[in-house]
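Structure, as structure tokens:
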Amino acid sequence: GVRMGNWLEDEYAQQDLLRDFIRKSEQGQLLVQRLARLQENIFKRVELSVSPDGFVHFGDTVLLMNPDSKPSDVEGTSEERDPEMRGDVTLAVGMEEVSLYSDEPLQISRGLSAVKSVDPMGRNAFCIVSVDGSSVGEPLRYGQNFLLGTKGGVSDKLFYLASDHKTFKDFAKKSRLQKVFLTAEVSYLTFWQAKSLDPQLRLEHEGFPVPADTKIIITHCYTNRNLAVPRTFCVW
């Protein structure tokens, strides 16, 4: 028989596709391989720090959690009417900006979101980092500046939680509040402070160590806005 059309070009194209597939497979760059590696890293269990003295310390690995409200606090609210809005939520690295289709190594997403998982893993574990020379192991104190760093499960270096003033063009996409993001650069945009939940005790607690497993307010130093993890905009 006689072949019709651009059969030779088609064969070459098929061979190129096969060689490209083999190359990506050997380098671990196939989409299924990148997805499996991403899921393995971001969902890899992380051990939280255990406090020997009941306080939070520099170098500790922690979760930033918005705990569930008491039943008496949600009467007549949307949370009472919608059970899906109940439960603990944690701040985690967002997955929307992670590119699986690029040949480049997986990069950490700069965006963050609330997730319903309270199991410590790569994407929602943060490390408390000093900015004033305090040594690892020293207790964090109320009113003391600190950084919140994370590797997001895919990075070899720490990225720091940051925020800036809300503008008409720059704000959180879903909540419309002042957004938070991750950055590799340490600046005043990445400085945070812990404050007592009770406003009548804030001045009294200033300078005292922050207790572990205690509800506190985390305030952004530059904008003086409190960190929020709204449960109304949770993602997977």
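The values are calculated or read from the model by the stated rules, or taken from the named source; none is laboratory data. Keep in mind that this is a model prediction, so the values were computed, not measured. As a convention, Cβ positions derive from the backbone with ideal geometry for all residues, glycine included, and neighbour counts pool all protein chains shown.
Of note:
- Some residue of segment 135-150 being modelled with pLDDT under 90, under 30 Å from Val32 (Cα atoms), touching a Phe, Trp or Tyr at 6+ places or on another chain (Cβ under 9 Å) and not polar (S, T, N, Q): no
- Count - residues of segment 117-146 that are among the small types (Gly, Ala, Ser) and assigned to a strand (DSSP E or B): 2
- Of Leu189, Leu177, Leu182, all but one fail to be in contact (Cβ under 8 Å) with a residue 24 or more places away in the chain, over 21 Å from Ser134 (Cβ atoms), assigned by TED's automatic domain parsing to the domain that holds Leu63 and touching a strand residue (DSSP E or B) at 6+ places or on another chain (Cβ under 6 Å); the exception is Leu182.
- Count - residues of segment 49-103 that are among the hydrophobic types (A, V, I, L, M, F, W, C), at pLDDT 70 or above and over 15 Å from the mean Cα position of the chain (by Cα): 4
- Residues within segment 194-232 that are farther than 19 Å from Glu138 by Cα and not hydroxyl-bearing (Ser, Thr, Tyr), tallied: 20
- Flag for Leu197 being out of contact with any Pro (no Cβ under 7 Å at 6 or more places or on another chain), without any contact (Cβ under 8 Å) to a residue 40 or more places away in the chain and closer than 24 Å to Val115 by Cα: yes
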